[in-house]
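Working notes for the structure below.
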Amino acid sequence: MGSLATGSSLLTKEARKLHLSPTLQINELVQERLNKGKRVLHLGFGEATFPIQKDVLEAHRQTSQNTSYLPVAGLMKLRERVAQFQTRRLDTAISADNVVIAPGSKPLLFALFDILQGDVLLPRPSWVSYEPQVLHAGKRVFWVETDDGDRHTITASSLNSTYKQAVTAGGNPRIMLINSPSNPTGQVFSESTIGIISQFCQEHDITLISDEIYSDVHFEEGAAPSVCAGSGFNSGKVILTGGLSKTYSAGGWRVGFAIFPSNDFGTLVRNTILAYASECWSAASAPAQEAAAVAFDTSSSMDLYRQQVAALHKQCTVRLYDALRGCGLAVPEPRGAFYVYPSFHPYTKELEALGLFTSLELSRWLIEECGIAALPGSAFGEDDGGLKGGRYRLRMATSYLYFRNQDERYTKGYELLRTALDTEKELELPLLDEAIKAIQEAVEKLKGVNC
């Protein structure tokens, strides 16, 4: 019974390391509390919830009876639209032949970790699923330390230090993955940091994977800086991934893409991914791909929708940031996506007096005592005993602060998006106001702790 209980006689050592994703765990905990009639302000799950653009929605309805398998590489019309859209965004030629569609970008990342040789460099912190995917592929993760304040900026010194540590530890660092705009930090790499990362990867012959799922949710004018921008993309060892879930609020439709450079490296990896896909997921949903082809169009109506989405996320997320800063928390100003990443370390004495020494313990205290659901920094690779700036970090998502239910999403959502571009008007967001009030009350509880 003992071996069955641990799975040691049934599961591989990699499989025994797998656990339910923290984002899904927090969702289940929230639902459990709601079922008991308890209040919960859900800042733990990063699912975009805006109403889907009407043309996109209609395309899905019109093709819902299409149940046939599509080509493994994806619907050609969709691949062409992705290529056109990314050509415009990145200011470099992208061919539809180099685009592969999958049921979400998550399996594409998993497949890339599985087929590429070498261990993986990950910025600390990084999205919760990267590390488990790397470990399941039988590789090692080596963390690249980021700036103590914004937990995102990477220096040449931190890259070289991690590389040397990896080699000394017997590792073989051949892959690096970055994500900008970032989950969990809401930060965006500067052009300077992009250059540092690119140069480092070129010098060490490292394959660079850029997860740009939040690329359109950028709070400043113009496109978010990208390692894939410009003519260098098609001559290097860089792979871009993205998808439908964040900008277009269609995570459940499961459509993602990978773009490979037009060179020998890109051709080899693309062909291997197609072979892998043919034996694994076969193809993404046909109706979802048809709808995605409309979503990635460069038409004026889709451009307007993307602008509205970014503006609405910016207003909500920045307002939460202002409130967190007003509570005395250490929090970097968000520049994209829909996350804030505060540290409660200014209240270390009060937290320790409560017996809370880790971000996980802090997150449990917040949900149990204050009805606030947020993910602990440790889920993203933060070291509770590491840099002060990484301690007591929580990732708070603003994506559930717009509508109380699915009906509101469509009865109120389009009007909310329509008014999002009016910078003179502060939008009415009652759930955001409730979240801010609850956080302020939680901080007041901490201030009242007898140290």
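The values are calculated or read from the model by the stated rules, or taken from the named source; none is laboratory data. Small disclaimer: the values here were computed from a predicted structure and weren't measured. Counting neighbours? That spans all protein chains shown, and the Cβs are built from the backbone with ideal geometry, glycine included. The protein model used for the area step is the full one, side chains on, heavy atoms only, and it has no ligands, DNA or RNA in it. Shrake-Rupley method; radii C 1.70, N 1.55, O 1.52, S 1.80 Å.
Roughly what % antiparallel, to the nearest 5, for the DSSP beta bridges in the chain? Spell out each step's value before the answer.
Details: 15 of 34 bridges.
Taking every DSSP beta bridge with both residues in the chain, the antiparallel ones total about 45 percent.
Rounded to the nearest 0.05, what FRET efficiency do residue 38 and residue 433 have when you use their Cβ-Cβ distance and R0 = 22 Å?
Numbers: r = 20 Å, r/R0 = 0.89.
E between residue 38 and residue 433, to the nearest 0.05, is 0.65.
Cα-Cα pairs above 30 Å in region 65-297: how many percent?
Result: 19 percent of Cα pairs exceed 30 Å.
Antiparallel DSSP bridges in region 65-297: what percent, to the nearest 5? Among the beta bridges of region 65-297, antiparallel pairing accounts for roughly 30 percent. For the pair residue 84 and residue 156, label points projected 7 Å from Cα toward Cβ lie 4.2 nm apart.
When you count, for each residue, the other Cβ atoms within 10 Å and take the mean per peptide, how do 226-238, 428-440 rank with the highest first?
Values: 226-238: 18.8, 428-440: 16.5.
Those peptides, ordered most packed to least, come out 226-238, 428-440.
Based on alpha-carbon positions alone, could you give the equivalent ellipsoid semi-axes of region 6-105 from the gyration tensor, as √(5λ), descending, whole Å? Don't skip to the end; give the middle numbers.
Numbers: eigenvalues 252, 115, 54 Å².
They are 36, 24, 17 Å, listed largest first.
Under the rule of -39500 (n - 2.57) per DSSP H run of 4 or more residues, summed and divided by the residues of the chain, what mean residue ellipticity at 222 nm is obtained, to the nearest 500 deg cm²/dmol? Before the final figure, lay out each step's value.
On the way: 16 runs with 189 residues, N = 451.
For the chain, the value works out to -13000 deg cm²/dmol.
Could you list, in their original order, any pairs among 246/388; 38/425; 106/237; 349/437; 13/246; 139/314 whose Cα atoms are separated by more than 27 Å? Working shown, then result.
Values: 246/388 31 Å; 38/425 33 Å; 106/237 20 Å; 349/437 23 Å; 13/246 33 Å; 139/314 37 Å.
Going by Cα-Cα distance, 246/388; 38/425; 13/246; 139/314 fall outside the 27 Å limit.
The alpha carbons of the chain give a radius of gyration and a Dmax of 21.8, 66 Å, in that order.
Here region 262-334 is treated as an ellipsoid with the same Cα gyration tensor; its semi-axes, largest first and in whole Å, are 38, 21, 13.
Of the accessible area of the chain, with the probe set at 1.4 angstrom, what percent is carbon plus sulfur?
Solvent-exposed carbon and sulfur of the chain make up 49 percent of the total.
Under the combined filter of DSSP loop state and at most 12 neighbouring Cβ atoms within 10 Å, region 180-251 retains these GluC sites (Glu not before Pro): 220, 221.
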